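Taking it in order: structure first as structure tokens, then the write-up.
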Amino acid sequence: MYIVIAGMGRMGTELAKTLLTMGHTIAVVDSNPLVCQQAREKIGVMAFEGSAVNTTVLLEAGIRKAGVVIGTLQEDALNLALVTLCKHYGVPQIIVRMSDRDFAEPYRLAGATHIMSTVELAINRMINAIEYPQVDAMMHFEQGQIEVLKLSIPNACSIVGRSVAEIAQDSRFPMGTLIIGYQAHPHEALSIPNGSSVIESGSTILAVTKPELVRQLIDFMGLGVPAEMPLPL
């Protein structure tokens, strides 16, 4: 896929590197000539010097053939202008980084298909780490109405040795919660379990549930809160 990245700060640079290794064709736009030179020589992507909200520069960068444009410019006002231009040129997917929450609705009205709030993502991850230290990772969907949890299964976990069907039929298992992914060992691929899949110690599961059921799920599994380290005497 042909992808244009506007802004080659830290996020734009890492995106370019990752997407390039995935086989995409990457064009970047940045007003700093040195940054563009480094993008060409060190990353190996096409780089176009100039403003990402300048139509001439965007056309040179190939916005008309882009399947995705990613806006990682420093200011929301510039990203908003970029979204408007992308919509004008018919870009199918317009992804933008948002710094100020007040821009959420303007971004939607302008035509952004995906809005990423870096501040909110960081805050949510910190809160999750504080509230649910047993959870390896947690992702929010549908404005926080659904949670997907990644959980490591220790030997003492109550679901070890039980099948997915047995777990689902347990009256203590939160209703509406589903185990949607299973990785028996770190070196194995993640799979979609069926009812007969047995959960092993040392494995990892993905579970989907409601936010208000996260604590109930953790308690059901017997994970509890890790014991605090004793203070030195």
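Read-outs throughout are calculated quantities, based only on the coordinates presented, and are distinct from any laboratory measurement. The model shown is predicted, which means the values in this text are computed figures rather than measured ones. Virtual Cβ from ideal backbone geometry, glycine too; neighbours counted across all protein chains shown.
Calculate how many DSSP beta bridges within region 2-118 are antiparallel, expressed in % of all such bridges and rounded to the nearest 5.
Numbers: 0 of 21 bridges.
Taking every DSSP beta bridge within region 2-118, about 0 percent pair in antiparallel fashion.
Which whole-Hz ³J(HN,Hα) couplings does region 53-68 yield from phi under the Karplus relation 6.51 cos²θ - 1.76 cosθ + 1.60, θ = phi - 60°, glycine and proline marked x?
10, 9, 4, 4, 5, 5, 5, 4, 6, x, 4, 5, 9, 6, x, 9
What are the ³J(HN,Hα) values, in whole Hz, obtained from phi via the Karplus relation 6.51 cos²θ - 1.76 cosθ + 1.60 with θ = phi - 60°, for each residue of region 159-172 in sequence order, with x given for Gly and Pro?
Values per residue, Gly and Pro as x: 9, 5, x, 10, 7, 4, 5, 5, 4, 5, 8, 5, 5, 8 Hz.
Check which residues have an amide H placed less than 5 Å from residue 181's amide H, if you skip close sequence neighbours.
Hits under the 5 Å cutoff: 206.
Taking Cα atoms, how many degrees apart are the long axis of helix 76-88 and the longest axis of the chain, rounded to 10 and kept between 0 and 90?
Taking the Cα atoms of the chain, the angle to 76-88 is about 80 degrees.
What is the packing order of peptides 103-114, 170-181, 27-38, taking the mean over residues of other C-beta atoms within 10 Å and listing the highest first?
Top of the packing list down: 27-38, 103-114, 170-181.
Nearest 20 debye, what's the magnitude of the dipole of the chain about its Cα centre given +1 on Lys and Arg Cβ and -1 on Asp and Glu Cβ?
Dipole magnitude for the chain comes out near 520 debye.
List the lysines whose Cα sits under 16 Å from the Cα of residue 210, skipping any in the same chain fewer than 8 residues away.
In chain and number order, the partners are 150.
For Cα pairs less than 8 Å apart in space and 6+ apart in sequence, what is the mean separation divided by the residue count of region 153-228, i.e. the relative contact order in percent? Working shown, then result.
Values: 114 pairs, mean separation 31.0, N = 76.
Relative contact order, region 153-228: 41 percent.
I need the P(r) histogram for region 2-118: all alpha carbon pairs, bin width 5 Å from 0 out to the longest distance, whole percents.
It works out to 2, 13, 26, 25, 20, 10, 3, 0, in whole percents.
Wrap a convex hull around the Cα atoms of the chain, take a quarter of its surface area, and give that in square nanometres. Mind showing how you got there, number by number?
Working: hull surface 69.0 nm².
So the mean shadow area of the Cα hull is 17.2 nm².
Residue by residue, what Karplus-based ³J(HN,Hα) values in Hz, rounded to whole numbers, does region 101-108 have, using 6.51, -1.76 and 1.60 with θ = phi - 60° and x for Gly and Pro?
3J(HN,Hα) across region 101-108, in whole Hz: 4, 5, 8, 4, 5, x, 4, 5.
Rank 132, 181, 168 by how far each Cα sits towards the positive end of the charge dipole of the chain (+1 on Lys, Arg Cβ; -1 on Asp, Glu Cβ) and give me just the farthest.
181
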